[in-house]
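Visitor: I have a structure here, written as structure tokens, and I will follow up with some questions on it.
Nothing in this text is a laboratory measurement; each read-out follows from the coordinates by a stated rule. Keep in mind the model is a prediction, meaning the values are calculated, not measured. Note that we place each Cβ from the backbone using ideal geometry, even for glycine, and neighbour counts take in every protein chain shown.
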Amino acid sequence: MEEQPEPQRRPARDHAHGGDAGHTLDRRAELSEFLRSRRARLKPEDVGLPDFGRHRRVPGLRREELAQLAGVSVAYYTRLEQGNGQNVSGEVLGAIASALRLTDAEQAHLTHLAKPKQHRKRASARQQRVRGTLSQLLDTMDGIPAYVTGRRSEILAWNRMAAAVFGDWSQLPPQERNWARLVFLNPEYRELFVEWDQKAADIVSYLRMDAGCRPDDLRLSALVGELSVKSEEFRRLWARHDVKEKSHGVKRLHHPLVGELALSFETFALPDDAEQSVVTYHAEPGSASAEALRLLASWGTDATRAGASVPGRD
């Protein structure tokens, strides 16, 4: 049976209602577009199906092919892809995730969208607070840039070395202490991150995970809407529906005082508050980056002020 072209979908930014803080993200639309985007990236040969070379009017696998791989009826899968996932079982979601070759983060995102947990809106709106002892711990991490992030990529706490490397966030209003805002709306961060494109993609992937967990978060919806209006790059990345958990890796920076830095980072989720994570950075011992960090630590407040002169200050 020849596949018919699929109807055009509204742009992803429409689901955020243009940043109107009175609306939340459309969970059914998010589920529909996520499944479409994952199906579109697969080819028959990727999953062991024959490709007879016929012209395909849509990219990727057909619904019929995906349903066959997952062991469900085409009608059942079509209803799910249309956003009707209320009664879908975990076993079926697992089969679909396997057929789509989803990562662990993508499978968790699919589950959040199809079988959402009930979150009180007041919980999403409450102010995020960092434990005093955790703030003290950051301050004792001498020579190690470290900070705490929360919901919506918000920066909640940091130590002196983080300010020396990334900028003095204390000079910003609290609502501006947000990685998504800094990366997409502050031009200086394009200069700070050598691989800015990767940093931007990571931030959007984290926001997507957050949105899947809390589609009723009004402030998150408003943030997505504002960034969609103000940044074409954000709109493009948001429309990809990529998701990722914060983990570890290497960031290359261009610092105004010490030049190039290659820093390894680790992310530690708090055991008593999964919404908050501690992120630390360090350099390979004996490397030029380690010496650069040592210099920044020895310069104290002078380094913090210099860091603030690039990212984090008007």
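Visitor: Label-point separation (nm) for T140 and A239, each offset 7 Å from Cα along Cα-to-Cβ?
Guide: 5.0
Visitor: Now a separate question. Once the Cα atoms of the range 125-308 are picked out, what are the Rg and Dmax in Å?
Guide: 16.0, 48
Visitor: Once a ≥ b ≥ c are taken as the square roots of the eigenvalues of the Cα gyration tensor of the range 156-215, is the result rounded (a/c under 1.5), prolate (a/b larger than b/c) or oblate (a/b not larger than b/c)?
Guide: Cα axes put the range 156-215 in the oblate bin.
Visitor: Past 25 Å, Cα to Cα, is the threshold; run K43/K251; K115/K244; K43/K246; K199/K230 against it and keep the listed order.
Guide: Beyond 25 Å between Cα atoms: K43/K251; K43/K246.
Visitor: Right, another one. How high is the relative contact order of the range 185-305, in percent, counting Cα pairs under 8 Å that sit 6 or more residues apart?
Guide: Numbers: 131 pairs, mean separation 23.2, N = 121.
After rounding, I find 19 percent.
Visitor: How would you rank D46, D273, going from fewest to most other Cβ atoms within 10 Å of each one's own Cβ?
Guide: Sorted ascending by nearby Cβ count, the order is D46, D273.
Visitor: What ranking of S289, S135 emerges when the number of other C-beta atoms within 10 Å of each C-beta is taken as an exposure proxy, fewest first?
Guide: S135, S289
Visitor: If you filter the range 174-226 for chymotrypsin sites (Phe, Trp or Tyr not before Pro), then keep DSSP loop positions with at most 11 other Cβ within 10 Å, what is left? List each step's numbers first, then the result.
Guide: Values: sites: W179, F184, Y189, F193, W196, Y206; in loops: none.
When the chymotrypsin sites (Phe, Trp or Tyr not before Pro) of the range 174-226 are filtered for loop state and at most 11 Cβ neighbours within 10 Å, nothing remains.
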